[in-house]
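Since every read-out is calculated from the coordinates, none of them should be taken as a lab result. Please read these numbers as outputs of a predicted model, since none were measured by experiment. Every residue, glycine among them, receives a Cβ derived from its backbone with ideal geometry; neighbour counts consider all protein chains shown.
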Amino acid sequence: MSESSHSEPPSPEVTRGYPEEFSSFREYMDYRLHQAWLRKCAQPEYQPVQKLSREHLRYYNPRPRLLQYGIPITASDLIAYADKKHLWPKGKLDRIDGQYFAFENCVNYLSDLLDWPLELRSVYSVKHKMVLALYANYELRQMVQAEEDDVLNIIREELGVSGTPMWYYDIIDYDDNWLRLDDPPKVPETDINASGKEPTPSDSPTSSQEEDRH
């Protein structure tokens, strides 16, 4: 009798193509993709930062990676806020489309309330999927610290969240979005000297000065 006749039958995992703890191959692949996403988010180069460095600023780096400054929130936070403020869209929509428009309505409502354009952005993070962003590192507009503190406190109170704002890496990289620009970067408004002229290399801000902005 040949040796092959005594071999063990193939495991269910081999015959089905996925482990038995999963109900379908789709569920198994979703799990694997999610685990790969978490591993990527856990890498040092994708960790959120409290302050920007020179490599994050277009004044020093023409094409820095895109970061968003904001408070982490969840879909549950926005669903609860849409219920509280009656911001669900009218008409018959499926669950995904209904949530999309409700989330958009929440962001628009808060932007009007604060008189500041907010954005809901997907970011790299092991703990968080989204942030309510005040601004990105490609933008020159920023608030003074007192105004920013007031805005953040209102957002926390309105949404019932307590997150700390940080700079998160956007899942859209500069090579894939409209922010990829070939023009020379503009000098930030805070770097215009008293005469109204652009600074020369000798009086350009140091990296420590830029980092202190956030």
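Determine, from the Cβ-Cβ distance of His86 and Val161 and an R0 of 22 Å, the FRET efficiency 1/(1 + (r/R0)^6), rounded to the nearest 0.05.
The formula returns an efficiency of 0.65 here.
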Three-way shape label, segment 9-143, alpha-carbon gyration tensor, a/c 1.5: oblate
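Mind ordering 39-50, 101-112 by average Cβ neighbours within 10 Å, highest first? List each step's numbers first, then the result.
Details: 39-50: 12.4, 101-112: 17.3.
So the order, starting with the most tightly packed, is 101-112, 39-50.
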Using a ≥ b ≥ c from the Cα gyration tensor of segment 21-82 (square roots of the eigenvalues), is it rounded, prolate or oblate, where a/c under 1.5 gives rounded and otherwise the larger of a/b and b/c decides, a/b for prolate? oblate
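If each residue of separation counts as 0.36 nm, what is the full-extension length gain between Tyr109 and Glu45 once their alpha-carbon separation is subtracted?
On the way: separation 64, 0.36 × 64 = 23.04 nm, distance 3.37 nm.
That works out to 19.7 nm of additional length.
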